[in-house]
Amino acid sequence: MSLASDATPRAGTTTTAAADRISFAERFSDRMNPILVKEVRQAFKGRGFSITFGLLLISCWFVSVIGALQAGTGLEYFDYARQFFASYIVPLAVATCVVVPFLAYQSMLGERLDDTFEMLSITTLRARRIISGKLASAAVQIFLFYAAITPFIGFTSLLQGFQLAPVVVSLFVGIFVALALCSAALFISTLARSRMFQGLLALLLIAGLLWVLSLIITLMFSFALWSMPGGWEFIAASGAVCLILVGAILLLREMAIAQITFESDNRSSGIRIICSVFLVVGLAATFGLMIALGAPIYPETCFSVVIAGCLLLAFVGFSICTEPPRMTRRVRTQVAHVPWLLSVFAQPWLPGCARGYMYMLLHIASFAALLMVVSPLLMPGRYPGTGEMLAVAAGCLFYLAIYAGLLSCLATLMFRSVPGCRTAHVRWAGFVLIMAGILGPLTGMLLLELLFNVHVRFGFWMIASPVSTLPMIANGISGWDGTAILALLFPLALLFFLLNLGGIIESLRETRGMRKSSPSRGTPPPREANPDAPSIA
Amino acid sequence: MNDLLSGAGLPAIAASHKGETATIVPGGPPPVLSVRNLTRTFGKLRAVDDVSFEAGRGEVLGFIGPNGAGKTTTMRIIATLDLPQEGDVFVCGESVIDYPDRVRKKIGYMPDSFGKYANMNVLDYLDFFARAYGLRGVERRAAVEHVLVFTELRKLQHKAIKSLSKGMSQRLGLGRTLIHNPELLILDEPAAGLDPRGRVELRELVQLLARELNKTILISSHILTELGEICDSAVIIEAGKILASGRVADLQKRQRSRRAEDHVTSLSISLIDSTEPLEREAFHKWLVQQPFVLACQESGSRLRIDFGGDPRQQHELLRRMLGEGFPVTEFSGKVETLEDAFMDITRGITQ
């Protein structure tokens with residue numbers, strides 16, 4: 001129902017006839033995300049997009065004319081396709097990998113600086129739709145820039161030495177790179193609160209975008225000078241890159257969504273789910289492809305997968321293990337409507353530091369199980385260093401469990417004992433602790449060597465630093481081989497598990513308790529008991 | 001418990017465990033807005049302290065208080081932009097804490113300064129918010145059209161927002177809050193920065209919304225004379241606590257009767273406009289030294305005094321005043337306004 005139904009306009013109106021005529025474009029746009037519609041309208045009206053579009057066309061024309069003039073009649077006979085392609089990709093990369101992400105950053109930051117974000121927050125649009133709309137708008141702009149250079153790529157296809165597969169794959173990967181950069185830019189735009197921090201982040205973003213651009217230019221010109229890679233290995237590698245980029249896009253998007261979601265809402269489950277799905281899909285794709293192709297499972301592959309998984313888990317774990325221990329009332333209300341058994345199984349994906357620790361343990365256990373399953377297939381003895389690699393992977397998993405446990409304990413302690421404690425405070429404290437754990441022993445070792453000329457190979461006090469111990473596990477040192485260090489890490493991990501056990505039990509109780517006390521949907525409790533009120537069945 | 005809550009005719013709300021929304025038991029108009037024991041702290045500061053009030057359908061409720069009293073914090077909680085530490089707010093029976101998405105469909109919030117997409121035109125702005133509230137096709141077009149007509153912005157629909165005057169911007173803001181036809185409008189200082197014509201026009205729009213469209217309006221303003229004219233009831237808040245609440249007429253009446261009980265009369269005295277400040281000051285000093293003058297304060301170009309004597313003693317004061325040669329042009333008993341009630345009730349505490 002709209003205002004139309006009961007408004008009493010004061011001036012004479014001629015509304016209905018005009019309102020009844022809805023064009024196809026408007027009907028189509030009705031199905032779109034409102035943010036996408038707004039952003040596209042604003043982008044087309046804004047100078048940023050139009051100037052970039054114009055410059056892209058001009059630079060491609062310039063490259064074509066200058067290239068054709070330089071090549072002369074040799075254009076028909078010599079291998080010029082690679083050079084032309086690389087020259088077209090550079091302005092495209094500037095537009096899609098620098099301008100579009102920066103415009104996305106500005107757009108999201110503008111919403112917050114101009115106080116329009118609050119206006120959006122009280123509409124029916126949720127944070128997910130806002131970020132998705134911004135990302136979709138960036139995708140539309142990327143698509144338009146791609147459309148602009150299509151005739152030039154068409155021209156390149158007529159030249160000698162044109163290879164369709166690498167060109168298509170490169171362009172395809174380029175889309176994901178640009179989208180990943182846009183997701184990163186959106187995420188960064190949600191981080192800043194103070195003006196100074198915003199300025200600093202903008203500078204970092206620009207530096208990062210220019211660095212990526214320089215990588216693309218280097219890559220393109222190395223293709224132009226040498227040769228474009230081909231074959232199934234290139235396509236498989238590109239597929240892997242795309243998979244990683246898709247994961248990065250989704251994860252960064254989810255983190256941006258979490259940043260702009262109200263603290264009282266569920267900011268955590270999305271990140272946890274995306275990370276789990278990404279890990280499962282990544283593992284399935286890696287091992288599935290190897291099995292499908294009949295390729296042997298190399299220890300390096302397993303090691304790389306586990307290390308990449310650990311890095312991702314460390315990144316996500318830092319965020320989820322520092323959350324407040326209890327769910328907010330709003331989240332409890334939402335969870336109360338989920339069947340109890342499902343909510344028990346979903347515990348690791350629900351908000352809360354102890355649940356974050358559970359999430360980490362679940363994934364660490366999965367990785368450990370995977371290592372146990374694949375280790376007999378690794379043909380030990382045939383590949384040197386298999387044992388060390390497995391030991392390092394196990395060490396990484398132990399460290400993850402230890403630090404996740406530490407963060408979870410810290411969060412529980414701080415939220416309970418420090419009045420007015422916020423997640424940011426816990427994260428800073430956790431960051432300082434982790435840095436002290438990692439860098440402290442290294443600094444101590446360096447100081448001992450510099451000041452007292454004492455060369456320390458290993459001591460128990462170095463156990464907190466994976467940077468110190470993992471190389472030792474990998475190389476093996478006299479008296480302190482990998483097994484011994486792992487044997488030290490295990491009780492530490494167990495200790496943190498025991499310290500978090502109370503929190504885990506409390507989390508399970510909280511889910512159960514909310515079922516008993518959850519309010520009925522939309523029912524305000526009576527302010528005063530009214531004995532005369534008729535009962536309502 | 002404030003007076004508004006303890007007043008008769010409030011509906012008894014019974015919980016319906018099967019239903020989606022609250023069921024209001026017959027016996028009074030259902031409250032569109034119900035604020036219950038709301039408490040919000042920022043560190044050690046209690047910005048809102050156990051605040052409770054209600055507003056029925058079609059009611060204009062003035063939310064009055066000095067700067068830092070907790071008005072905006074309360075309004076932001078009602079608008080689902082903030083969360084209380086204690087208490088809850090129900091809009092048409094839906095809790096803002098548990099079901100913010102449902103509440104957002106029922107409220108229109110206009111903060112004192114709201115963001116505008118400067119490079120958009122009026123039509124695109126309203127169209128975007130109509131989409132954001134989930135209006136589609138003909139319904140969306142009609143809603144935008146009617147808001148343009150209602151706020152008299154139709155002629156300016158293709159004009160860029162950045163080129164609108166303050167008054168027109170406020171109209172646009174009001175139009176945005178109305179686009180999805182909410183039941184409750186929360187207007188935080190809507191008249192701030194408006195010229196006198198703009199204020200009158202805004203007042204007319206608010207009255208029209210309440211009287212003809214039956215909207216419930218929670219409005220805060222510093223211009224109490226205007227609030228007194230448009231509000232049915234008022235809540236006076238200071239330092240996070242409700243000091244008084246009730247129907248505006250009742251508040252004024254209560255103020256009069258309280259003064260009568262204390263044998264205090266309000267008198268208003270005007271001097272010639274061209275009176276020198278020094279002479280005005282001397283008059284002020286002389287006045288406070290006179291018998292039965294309990295308090296004296298300047299209110300615009302006038303002086304307002306609390307007088308503890310009877311009419312004969314009032315006459316004696318006037319006689320002495322003229323005898324001293326003060327340039328008095330008016331001496332009258334003052335009609336109690338919302339502003340007077342506010343000044344008497346609040347103590348000027350800021351947080």
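Readers should treat all values here as calculations from the given coordinates under stated rules, not as data from a laboratory. It should be emphasised that the depicted structure is a prediction, and the values quoted were computed from it without experimental measurement. Cβ atoms come from the backbone with ideal geometry, glycine included; neighbour counts cover every protein chain shown.
Pulled fully out, how much extra length does the chain show between residue A:461 and residue A:488, if you take 0.36 nm times their separation in residues and subtract their Cα-Cα distance?
Details: separation 27, 0.36 × 27 = 9.72 nm, distance 1.11 nm.
The residue A:461-residue A:488 span can extend by a further 8.6 nm.
Of the listed peptides A:318-328, A:411-421, what is their order by residue-averaged count of other C-beta atoms within 10 Å, with the highest listed first? Walk me through the numbers before you get to the answer.
Working: A:318-328: 21.9, A:411-421: 15.4.
The peptides rank, most packed first, as A:318-328, A:411-421.
Using a 10 Å cut-off around each Cβ, can you sort A:242, B:296 from fewest to most neighbouring Cβ atoms? Don't skip to the answer; put the middle values down first.
Details: A:242 16, B:296 19.
Listing A:242, B:296 from fewest to most nearby Cβ atoms yields A:242, B:296.
Which order results if A:233, B:94, B:183 are arranged by neighbouring Cβ count within 10 Å, fewest first?
Details: A:233 9, B:94 25, B:183 18.
Sorted ascending by nearby Cβ count, the order is A:233, B:183, B:94.
Using all Cα-Cα distances in region A:176-261, what percent lands in each 5 angstrom bin from 0 up to the longest?
Histogramming region A:176-261 at 5 Å steps yields 3, 13, 16, 20, 18, 12, 9, 5, 3, 1 percent.
Which order do the peptides A:270-276, A:433-439 take when ranked by the mean count of other beta-carbon atoms within 10 Å per residue, highest first? Could you put the intermediate results ahead of the total?
On the way: A:270-276: 20.1, A:433-439: 15.1.
Averaged packing, sorted descending, gives the order A:270-276, A:433-439.
Quantify how strongly other chains surround peptide B:77-90 by giving the mean number of their Cβ atoms within 10 Å of each of its Cβ atoms. Intermediate results must be reported in sequence, preceding the final value.
Values: counts 0, 0, 3, 4, 4, 2, 6, 0, 0, 0, 0, 4, 1, 5.
Other-chain Cβ atoms within 10 Å of each residue's Cβ, averaged: 2.
Rounded to the nearest 0.05, what FRET efficiency do residue B:314 and residue B:229 give with R0 = 41 Å and r taken as the Cβ-Cβ distance? Could you check? All intermediate terms of the calculation are to be shown ahead of the outcome.
Details: r = 29 Å, r/R0 = 0.71.
After rounding, the FRET efficiency stands at 0.90.
How big, in percent, is the set of alpha carbon pairs in chain A lying more than 44 Å apart?
Numbers: 46020 of 143916 pairs.
Pairs farther apart than 44 Å: 32 percent.
Taking K and R as +1 and D and E as -1, what net charge do the other residues with C-beta under 10 Å from the C-beta of residue B:218 add up to?
Working: positive: B:71; negative: B:59, B:188.
Computed value for this residue: -1.
Round to a whole angstrom and tell me the spacing of the C-alpha centers of region A:180-251 and region B:271-318.
76
How high is the relative contact order of chain A, given as a whole-number percent (alpha carbon pairs under 8 Å, six or more residues apart)?
Details: 521 pairs, mean separation 67.8, N = 537.
Averaging sequence separation for qualifying contacts and normalising by length gives 13 percent for chain A.
With the contact rule set at Cα under 8 Å and sequence spacing of 6 or more, what percent relative contact order holds for region B:34-181? Can you show the working numbers first?
Numbers: 188 pairs, mean separation 29.2, N = 148.
Normalised by residue count, the contact order of region B:34-181 is 20 percent.
With a Förster radius of 41 Å, plug the Cβ-Cβ distance of residue B:275 and residue B:155 into 1/(1 + (r/R0)^6) and report the FRET value to the nearest 0.05. Before the final figure, lay out the partial values.
Numbers: r = 47 Å, r/R0 = 1.13.
The value I calculate is 0.30.
Please say if region A:273-391 is rounded, prolate or oblate, where rounded means a/c under 1.5 for a ≥ b ≥ c the square roots of the C-alpha gyration tensor eigenvalues, and otherwise the choice is prolate for a/b larger than b/c and oblate otherwise?
Details: a/c = 3.17, a/b = 2.34, b/c = 1.36.
Here region A:273-391 falls in the prolate category.
What average number of partner chain Cβ atoms lie no more than 10 Å from the Cβ of the residues making up B:174-181?
Numbers: counts 0, 1, 2, 2, 3, 3, 5, 7.
Whole-number average of other-chain Cβ neighbours for B:174-181 is 3.
Using a simple spin-label model with points 7 Å from Cα along the Cα→Cβ vector, what separation in nm is obtained for residue A:191 and residue A:44?
Going from the residue A:191 label point to the residue A:44 one covers 3.4 nm.
When Cβ neighbours within 10 Å are restricted to other protein chains, what is their mean count per residue of peptide A:264-274?
Numbers: counts 5, 2, 0, 0, 0, 0, 0, 0, 0, 0, 0.
The per-residue average across the peptide is 1.
When B:99, A:357, A:105 are ordered from fewest to most other Cβ atoms inside 10 Å of their Cβ, what list results?
Details: B:99 22, A:357 31, A:105 28.
Ranking B:99, A:357, A:105 by Cβ neighbours within 10 Å, fewest first, gives B:99, A:105, A:357.
Of B:106/B:241; B:166/B:285; B:215/B:241; B:71/B:116, which pairs sit farther than 31 Å apart, going by alpha carbon to alpha carbon? Can you show the working numbers first?
Numbers: B:106/B:241 26 Å; B:166/B:285 42 Å; B:215/B:241 26 Å; B:71/B:116 23 Å.
Among B:106/B:241; B:166/B:285; B:215/B:241; B:71/B:116, the Cα-Cα distance tops 31 Å for B:166/B:285.
Evaluate E = 1/(1 + (r/R0)^6) for residue B:264 and residue B:204, where r is the Cβ-Cβ distance and R0 equals 41 Å; express this FRET efficiency to the nearest 0.05. All intermediate terms of the calculation are to be shown ahead of the outcome.
Numbers: r = 36 Å, r/R0 = 0.88.
Approximately 0.70, to the nearest 0.05.
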